[in-house]
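Notes for the one structure printed next.
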Amino acid sequence: MGLTKPNLVMSFLRFTKHGMSQKLLHQLKYKNKPEVGVELGTIYGHLLKRNGFASHWDMVVPVPLHPEKQRRRGYNQSEQFARGIAEVLEIPMVQGLIRTQFTETQTKKSRIERIMNVSEVFSANSEIEMEGKNILLVDDVMTTGATLTSCANVLLAVNAKLVDLAVIAAGRF
């Protein structure tokens, strides 16, 4: 709160340690199952559509991975989730953000360390017009919100009309 100005903040699932949401995220991120992200995005896209969000956004923007991390994993898990949502809502999924620096995993960092770790690692993709657009920014999981805050601020700095946040799973904050 107070670090960015999102319009809506939404989560498809509640993250629970050792629960189904953690198992799904581990399959997606660490077990080479990108189809899990697409399927979760498809299901969530239908839920959003049924609840009046069919024409709410102009584009879906996934949180980018650093190119080296994406090369190692073979795909971006947030992009897979974004693909499913975008397809159902019939809006483009675009690479509106670029990760300019490699960062260590956030999993063992405190809230302040997470904010500092990602404070200046994203930039807007100058090839994508985002000024005046309603953007759905998506990521896989939100714990402290540091990554999404950093990304949302970049999108707002290029004059996006509004930025909504959606994740596969969110923990308690």
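The values are calculated or read from the model by the stated rules, or taken from the named source; none is laboratory data. None of the values given here were measured: they were computed from a predicted structure. Counting neighbours? That spans all protein chains shown, and the Cβs are built from the backbone with ideal geometry, glycine included.
Note down all Cβ pairs under 9 Å where the first residue falls in the range 6-21 and is touching a residue at least 12 places away in the same chain (Cβ under 8 Å), the second is part of a loop (DSSP other than H, G, I, E, B) and of a type in the set (K, R), and they're at least six residues apart or on different chains.
Listed by first residue and then by second, the contacts come to R14/R172; F15/R172.
Would you pick out the residues in the range 26-65 that are without any contact (Cβ under 8 Å) to a residue 40 or more places away in the chain and closer than 17 Å to C151 by Cβ? Can you show your working first?
Initially, the range 26-65 is screened for residues without any contact (Cβ under 8 Å) to a residue 40 or more places away in the chain, giving 26-27, 30-31, 33, 47, 50-55, 65.
Residue satisfying the conditions is L65 alone.
Yes or no, residue by residue, for (1) farther than 24 Å from E129 by Cα; (2) modelled with pLDDT under 95; (3) crowded, with 17+ Cβ neighbours inside 10 Å; (4) among the acidic types (D, E):
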{"position": "K17", "(1), (2), (3), (4)": "yes, yes, no, no"}
{"position": "L28", "(1), (2), (3), (4)": "yes, no, yes, no"}
{"position": "G45", "(1), (2), (3), (4)": "no, no, yes, no"}
{"position": "N51", "(1), (2), (3), (4)": "yes, no, no, no"}
{"position": "P62", "(1), (2), (3), (4)": "no, no, yes, no"}
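Out of E131, E113, which single residue is more than 17 Å from the chain's Cα centre (by Cα) and modelled with pLDDT of 95 or more?
On the way: E113 fails: modelled with pLDDT of 95 or more.
Of E131, E113, the one residue that is more than 17 Å from the chain's Cα centre (by Cα) and modelled with pLDDT of 95 or more is E131.
Filter the range 64-73 for residues that are at pLDDT below 95 and part of a loop (DSSP other than H, G, I, E, B); which is farthest from the chain's Cα centre (by Cα)?
Within the range 64-73, the first condition is being at pLDDT below 95, and the residues that meet it are 65-73.
Restricting the remaining residues to those that are part of a loop (DSSP other than H, G, I, E, B) gives 65-66.
Numbers: L65: 10, H66: 14 Å.
Restricting to residues being at pLDDT below 95 and part of a loop (DSSP other than H, G, I, E, B), the top hit is H66.
Just name the residue that is farthest from V167 (Cα to Cα) out of those in the range 118-147 that are in a loop (DSSP other than H, G, I, E, B) and β-branched (V, I, T). It would help to see each step written out before you state the result.
Filtering the range 118-147 for residues in a loop (DSSP other than H, G, I, E, B) gives 118-121, 125-133, 143-145.
Add one more test, that the residue is β-branched (V, I, T), and what stays is 118, 121, 128, 143-144.
Details: V118: 17, V121: 20, I128: 22, T143: 10, T144: 12 Å.
Only one residue fits best here, namely I128.
Can you confirm whether R99 is at pLDDT below 95, surrounded by 14 or more Cβ atoms within 10 Å (Cβ to Cβ) and among the basic types (K, R)?
Values: at pLDDT below 95: yes; surrounded by 14 or more Cβ atoms within 10 Å (Cβ to Cβ): yes; among the basic types (K, R): yes.
So R99 fits the description; yes.
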